[in-house]
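As structure tokens, the structure follows; a few thoughts come after it.
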Amino acid sequence: MTATVTPTSTSASPARPSAAGTRRSGSKGRPSTIIVTAVLVVVALYFLIPVYWVVVAATKSTEDLFSTNGFWFAPTVALWDNLAQVLSYDNGIFIRWFLNSVLYAGIGALLATYFAAAGGYALAKYEFRGRNLVFGTILGGVLVPGTATALPLFLLFSQLGLANTYWSVLLPSLVSPFGLFLCRIYSQATVDTSLIEAARLDGAGELRIFHTIGLRVLTPALVTVFLFQLVGIWNNYFLPLVMLSDSGLYPITLGLNNWLSQVDRLPEFYELTTGGVLLSIIPLSIAMVVLQRFWRGGLTEGSVK
């Protein structure tokens, strides 16, 4: 008598996630997504509402500014009249202030970024005695507020004959301890030492290696430092207030505050101030839009080997 054996399949079909499990995982992720989205919306409104108010206020006359809703436009739009007054008042002094801010912020941010990149690259890639001490000393500058150094700088520049000149505002803007810290960290993470050694074997000098390899790899960090310095110098108020007494050397911040201080005596300065504030935020907005693509390009740096 022979026994018949029925063959059985030994291969098990892959388990598929049940619909209930999918719903549970989706339900777990949905609340966190809603919370994160809500927080981002609140943060966006926090930054955008003041800008919106400035745009609305710049379109109003002094009477409409106080008699209409602050967050909505007046029946009569006076934007172009306000801007024309801003640009023509006192023989175009606002244009002078605007160009001064471009000089202080543009040149200051550019040179500060270059010096921070050079210092951070050197501290990250060169071995020398006292390197950590130098880095720690420079990093300590991050903890010192600018208001604490303004008066000593004024006394120093007064002795050198540089007070009430462009140099008194420009020279302190060339130092960025935070930028040096960021460039050092980024150099350690992204600038390959073997690439530097290969360039040395090819006969390249240290300055050429830094300018052709280091600066290109550090581009995302450089953009970050440049924007931080640009915004910081552009919005700087206390240092020019201490250093400058000639209104022709004022940056935008000091000039607009000078106008604002006269609104009690001449109410039409409200129109000049709001229009000037609107014009002052345009360069920073353009810089953010133009340079943000370099940030996106550096987000995935080193993520793929």
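The values are calculated or read from the model by the stated rules, or taken from the named source; none is laboratory data. Model, not experiment: these values are computed from the prediction. As a convention, Cβ positions derive from the backbone with ideal geometry for all residues, glycine included, and neighbour counts pool all protein chains shown. Ligands, DNA and RNA are excluded from the accessible area calculation, which covers all protein heavy atoms including side chains. Shrake-Rupley method; radii C 1.70, N 1.55, O 1.52, S 1.80 Å.
Just for region 182-192: of the residues that are open to solvent by 70 Å² or more (accessible area, probe 1.4 Å) and touching a residue at least 40 places away in the same chain (Cβ under 8 Å), which one is nearest to the chain's Cα centre (by Cα)?
Once the filter is applied, the top-ranked residue is Ile185.
Checking Thr274 against (1) in a helix (DSSP H, G or I); (2) surrounded by fewer than 21 Cβ atoms within 10 Å (Cβ to Cβ); (3) at pLDDT 85 or above, which test does it fail?
Against the list (1) in a helix (DSSP H, G or I); (2) surrounded by fewer than 21 Cβ atoms within 10 Å (Cβ to Cβ); (3) at pLDDT 85 or above, Thr274 comes up short only on (2).
Could you say whether any residue in region 200-208 is surrounded by 12 or more Cβ atoms within 10 Å (Cβ to Cβ) and touching a residue at least 12 places away in the same chain (Cβ under 8 Å)?
No, the conditions are met nowhere in region 200-208.
Are there helices (runs of 4 or more DSSP H) fully within region 156-253 with at least 2 residues that are out of contact with any Phe, Trp or Tyr (no Cβ under 7 Å at 6 or more places or on another chain) and of a type in the set (D, E, K, R)? List them.
193-201, 206-209
Working only within region 109-142, note down all residues that are touching a Pro at 6+ places or on another chain (Cβ under 9 Å), farther than 21 Å from Asn235 by Cβ and not small (Gly, Ala, Ser).
Once the filter is applied, which keeps residues that are touching a Pro at 6+ places or on another chain (Cβ under 9 Å), farther than 21 Å from Asn235 by Cβ and not small (Gly, Ala, Ser), region 109-142 yields Ile138, Leu139.
Give region 222-252 a look and list any residue that's within 21 Å of Ala150 (Cα to Cα), crowded, with 22+ Cβ neighbours inside 10 Å and among the β-branched types (Val, Ile, Thr), or say none.
Across region 222-252, the qualifying residues are Ile233, Ile252.
Between Phe94, Phe71, which is among the aromatic types (Phe, Trp, Tyr) and modelled with pLDDT of 90 or more?
Going through Phe94, Phe71 in turn, just one is among the aromatic types (Phe, Trp, Tyr) and modelled with pLDDT of 90 or more: Phe94.
Output the residues belonging to region 235-249 that are more than 22 Å from the chain's Cα centre (by Cα) and in contact (Cβ under 8 Å) with a residue 24 or more places away in the chain.
Val242, Met243, Leu244, Ser245, Asp246, Ser247, Gly248, Leu249
Restricting the search to region 104-114, which residues are surrounded by fewer than 20 Cβ atoms within 10 Å (Cβ to Cβ) and of a type in the set (Gly, Ala, Ser)?
Residue satisfying the conditions is Gly106 alone.
Give region 138-155 a look and list any residue that's of a type in the set (A, V, I, L, M), open to solvent by less than 50 Å² (accessible area, probe 1.4 Å) and either assigned to a loop (DSSP other than H, G, I, E, B) or at pLDDT below 90 (or both), or say none.
Selection gives Ala150 alone.
Just for region 257-271: of the residues that are assigned to a helix (DSSP H, G or I) and in contact (Cβ under 8 Å) with a residue 60 or more places away in the chain, which one is surrounded by the most Cβ atoms within 10 Å (Cβ to Cβ)?
Among them, the one singled out is Glu271.
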